[in-house]
1. Provide the gained length on full extension for the span Arg17 to Arg79, in nm with one decimal, where the gain is 0.36 nm per separating residue minus the Cα-Cα distance.
2. With runs of 4+ DSSP H residues as the only contributors, calculate the mean residue ellipticity of the chain at 222 nm using -39,500 (n - 2.57) per run, divided by the residue total and rounded to the nearest 500.
3. If you put +1 on each Lys and Arg Cβ and -1 on each Asp and Glu Cβ, how big is the dipole of the chain around its Cα centre, in Debye rounded to 20?
4. Hull surface divided by four, with the convex hull built on the Cα atoms of the chain: how many nm²?
5. Once you keep just the Cα pairs under 8 angstrom separated by 6 or more residues, what percentage relative contact order results for the chain?
6. Could you give me the ³J(HN,Hα) list for the range 59-71, computed from phi with Karplus coefficients 6.51, -1.76, 1.60 and θ = phi - 60°, whole Hz, x at Gly and Pro?
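Rule-based calculations on the coordinates, nothing more; no lab input. Keep in mind the model is a prediction, meaning the values are calculated, not measured. With ideal geometry, Cβ positions are generated from the backbone for all residues, glycine too; neighbour counts draw on all protein chains shown.
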Amino acid sequence: MKVVLFRHGETEWNGARRLQGQQNLSLSEVGRSQVAAAASLVQRLTPDMVVASPLARASESAVELGYPEFHVEHRLAERCL
């Protein structure tokens with residue numbers, strides 16, 4: 001089994017160096033560009049399953065990577081700060 005870890009793209013709060021915890025923030029334009037730049041590499045790795053946290057930034061990243069059919073795992077959500 002091969003495990004590939006991909007952190008979500010940047011949010012506005014990431015760019016401002018703010019902790020976001022479980023705030024349900026979407027990707028920024030920079031974040032969408034980051035994910036788009038990585039999409040071909042991730043697709044070449046041919047994952048059998050994609051798992052994301054329920055937070056918008058992770059879900060959007062999975063979709064932007066080309067995997068709209070992903071599994072949601074609530075235990076992957078960031079800590080509540």
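1. Values: separation 62, 0.36 × 62 = 22.32 nm, distance 1.64 nm.
Net length gain for the segment: 20.7 nm.
2. Numbers: 3 runs with 29 residues, N = 81.
The helix contribution divided over the chain gives -10500 deg cm²/dmol.
3. On the way: 9 positive and 9 negative charges, 58 e Å.
So the dipole magnitude of the chain works out to roughly 280 debye.
4. On the way: hull surface 20.8 nm².
The directionally averaged projection comes out at 5.2 nm².
5. Details: 111 pairs, mean separation 27.5, N = 81.
Relative contact order of the chain: 34 percent.
6. Using θ = phi - 60°, the values come out as 4, 4, 5, 4, 5, 4, 6, x, 10, x, 9, 10, 8 Hz.
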